[in-house]
Amino acid sequence: MNLKYLFKYYKLGLFASVLVVIYIFIALFAPYIAPYDPLEMHFIDNLKKPNSSYWFGTDRYGRDVLSRIIYGSRLSLEVSGIAVFVSMFIGTIFAICAGYFRGRTEIIIMRVIDVLMSFPGIFLALMLVGILGPSKWTVTIALTLVYIPRNARVVHSKVIEEREKLYIRAAESMGAGFFRIAWRHLLPNVLPVMLIQSTFIFATIILAETSLSFLGAGAPPPEPSWGNVMSEASHFMNQAPWLLIFPGLTIFGFVMCLNIVGDFLREVLDPKTNR
Amino acid sequence: MLSYITRRIIIQIGLICLIAGISFLFMHIIPGNPVTIMLGESATPESIEEVIHELKFDLPIHVQFVLWVKDILHGNFGKSYFMREDVNKILAQRFPRTFWLAIWALLITVSIGIPMGILAAINHNTILDKVIIIICTSFLSIPIFVLALSLMFIFAVRLGWFPVAGGYVSPFKDLIGNIKGLFLPALSISSMSLAYLARITRSAMLEIMNKDFITTARAKGLKEKIVILKHMLKPASITIISSLGITFGGLLGGTIISETIFVVPGIGRLMYEAVLARDYPVIQSLILFVGIIYSLVNLVTDILYAVVDPRISYI
C-alpha cells in the first residue's frame, strides 16, 4: 500500500491526521505561538468582542481567549496523552496475560474488569478525583485507571483470536516461553488494534478530561485548560457568547479529527472488522 | 434458556457483592484521615472523636464490614454530613428526576438512532449514507457540556422556549411540564448515544443485507418494507439490543454534566455536589447505588438478548 493509493482513497483521513499533528504542534510550541500571556489581564479590554488585536475576544479579566485556548491545549493534551499511553500499556499487559495463560488467570482478570466497567467512566473518574483531590496529576491518574479495563477488553479479544493460530502453536512447540511469545509474536499482531483503539480512546479521554475540568474537578484555575476556559465562559453566556463558541469549536474540532483518524486507521490497518 | 438466565443472575449477584466490597473499601483507601478532611481544619478533637465513633472507625475492619452490610440490608445508607440528612432519604428524593431524564433520553436515542442507522444502511454508499455518517461522527465528537450550553443558549436564553434551569415536575402531575423541564438536558445527553446506536444499527444491517435469505425474500416478491423490517431488522436487533447496556451507561454518565448545567437536582448533580464538598458517605452510597443500577440494566439487556436470540440457550 503506497502513499499514492492512500492519497487517492483516504483524503479525509489524511487531512484529519495533519490537523491532529498541527494541534499537537501548537500545544508543544504554545509560548512561541500564543500572542499574549494567558494569565496577563488587560482590564480596560475586558469582555471585548473578537477583533484584530484579540482574535477570539477577551474574558472578564481582559485575558486573551486565543492565548488561553492555546495554552489550555497543553494541559488537556498532556493529561489525556499520558492517560492514553499508560492505560494502553497496562491494559495490554493484562490482556496478554489473560489471553496467554487462560484458565483461572483469565477469569480473575476479566471479572475484575467487568466490575470496574460496571460504572460509567466519567462517574468513576469523578469519584477518584473526589478521593485524591483535584489537580493535574490526580485527573491523569483517575483517567488512566478508568480506561485500563476498557483498553484491556478490546486488546484481549484480539489476543485470544491470535492465541489459537498455528504460528503460536509452532513457536510453543519449539519451546518458546511466555515472554518470547508475548513480545515477538502476540504484541506485533495486536499492535494495529492497539493503535486504532488508542486513537478512539484518545478522543474519549479528551471528552472526559474537558468535562472533568469543566466541572471544576481538573487542574484548578487560573492555569487554563479547555474545560475550565469553558466553565468560566459559561457565566457570561448572555453578554459574551463568543467566549463559549471558540473553545467549544476547538475541542469539537480536535475530537472530530481523532475520530476520523481512528476510522481511517481501522480501514487501512484492520480491513476485516471494518464495515 | 431458563438455565442461562439463572446462571446470568447468579453471576450478577456475585458482581453486585464485588461492587459492594469496592463501595465499602472506598472509605478506607482515602489517603489521610477522611474524618479530618471532611470536617476541615477548624474541627475540634472532640468533634473528630465523635464522628469517628459515629462512623464506627474505631472498630476493627471486619466488624465494620459486617455492621455496614447489615445497615445496607436494612436500607440504611448512612448520613450526609453536609445536608444533615439520611442518604436514603436524599436518594429517594433525587432518583425520580434522573430516572425520568434517562427515560426521555433513551426514548430520543432509540427513536432517532435506530431509524437513522436503517436509513444509512439501505442507502449504502449514497450521499444520504455519507451525510448520516458525518452527522454521527460529529455527534460523537461534541462534548456533552458544549452541546448542553449551546442548547441552553439558543433555546432557553435567546428563544425562551424552555426554562433555563430545568424545573422538575412529577410527570404524573404535569406531563407537559415534566417534558418541558427535562427536554434540553435529555437531548444533550442523548446526542452521543444516538450516534453510537445509529452506527451499530447501520453495521448490523449491512452485515445482514448481503445474506442469501434476503435475496430469497426479495425473489419471493415480498414488499421491500417487509424485507427490511422483518428479514433484516429482526436479526439485526440482536446486535442492537446487546449495545443498549453501553448506551445506557453513557446516558447515566452524561447526567452528571447535564444535571449540573441545567440545575436538575438528580443523582448526577448529587455526585457532583458530594465530590466538591467531599461528602464521603454520600459518595460511598452513590458508588453502590449507581453500580447496582448499571449492572441491573446490563442484566436486563443480557436476558433480552437471550429472549431475542434463542441460540444463546445452547451455550
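Quick note: the coordinates plus some simple rules give every number you see, no bench work behind them. Remember, it's a predicted structure, so these values are computed and weren't measured experimentally. Quick reminder, even Gly has a Cβ in these numbers, built from the backbone with ideal geometry, and neighbours come from all protein chains shown.
In table form, for the structure just shown:
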{"item": "Inter-centroid distance (Cα atoms) of region A:144-159 relative to region B:48-67, Å", "result": "37 Å"}
{"item": "Residue with peak Gaussian network fluctuation, chain B [Cα springs, cutoff 10 Å], from B:LEU194, B:LEU229, B:LEU182", "result": "B:LEU229"}
{"item": "Length released on extending from A:SER135 to A:PHE101, taking residue separation times 0.36 nm less the Cα-Cα span", "result": "8.4 nm"}
{"item": "Using a Förster distance of 35 Å, the FRET efficiency for B:LEU304-A:ILE22 (Cβ separation, nearest 0.05)", "result": "0.20"}
{"item": "Reciprocal of mean inverse Cα separation for region A:48-144 (Kirkwood radius, Å)", "result": "16.5 Å"}
{"item": "Kyte-Doolittle at least 1.0, axis length at least 27 Å by Cα - qualifying DSSP helices, chain A", "result": "A:65-101, A:187-214, A:242-269"}
{"item": "Footprinting exposure proxy for A:THR199, A:THR210 (fewest neighbouring C-beta atoms within 10 Å first)", "result": "A:THR199, A:THR210"}
{"item": "Kyte-Doolittle mean at least -0.5 and Cα axial length at least 20 Å: DSSP H helices in chain B", "result": "B:2-29, B:87-122, B:127-141, B:175-209, B:234-261, B:280-308"}
{"item": "Spin-label model distance (nm) - B:ILE29 vs B:VAL164, 7 Å beyond Cα toward Cβ", "result": "4.1 nm"}
{"item": "Overall dimensions of chain B as given by Cα atoms, namely Rg and Dmax in Å", "result": "23.8, 84"}
{"item": "Relative exposure of B:THR255, B:THR126, judged by other C-beta atoms within 10 Å (fewest first)", "result": "B:THR126, B:THR255"}
{"item": "Full-stretch length increase - A:GLU172, A:ILE93 - with 0.36 nm per residue and alpha-carbon distance subtracted", "result": "26.5 nm"}
{"item": "Pair B:ASN76, A:GLU164: separation of 7 Å Cα→Cβ label points (nm)", "result": "5.3 nm"}
{"item": "Dipole of the protein assembly as shown, positive end: most advanced residue of B:TRP104, A:THR210, B:LEU252 [Cβ charges, Cα centre]", "result": "B:TRP104"}
{"item": "Alpha-carbon centroids, region B:104-168 and region A:217-244: separation in whole Å", "result": "24 Å"}
{"item": "Kirkwood Rh (inverse of mean 1/r, distinct Cα pairs), the protein assembly as shown, angstrom", "result": "26.1 Å"}
{"item": "Loop-located trypsin sites (Lys or Arg not before Pro) in region B:128-205 whose Cβ has at most 16 other Cβ within 10 Å (DSSP)", "result": "B:LYS173"}
{"item": "Rg and Dmax of region B:211-265, Cα atoms only, in Å", "result": "19.2, 56"}
{"item": "Rh by Kirkwood over Cα pairs, then Stokes-Einstein D for region B:2-73 at 1.567 mPa s and 4 °C, µm²/s", "result": "89 µm²/s"}
{"item": "FRET efficiency, A:MET41 to B:LYS211 (Cβ-Cβ, R0 56 Å, nearest 0.05)", "result": "0.30"}
{"item": "GNM top mover of B:LEU119, B:LEU18, B:LEU159 - chain B, alpha-carbon springs below 10 Å", "result": "B:LEU159"}
{"item": "Value of relative contact order over region A:113-209, rounded to a whole percent, pairs C-alpha under 8 Å and six or more apart", "result": "31 percent"}
{"item": "For region B:94-308: relative contact order, % (alpha-carbon pairs under 8 angstrom, 6 or more apart)", "result": "28 percent"}
{"item": "Radius 14 Å from Cβ of B:VAL169, net charge of other residues (Lys, Arg +1; Asp, Glu -1)", "result": "+2"}
{"item": "GNM result for chain B, Cα springs below 10 Å: residue of B:SER258, B:SER193, B:SER47 fluctuating most strongly", "result": "B:SER47"}
{"item": "A:ARG180 versus B:ASP58: modelled label distance in nm, points set 7 Å from Cα along the beta carbon direction", "result": "6.3 nm"}
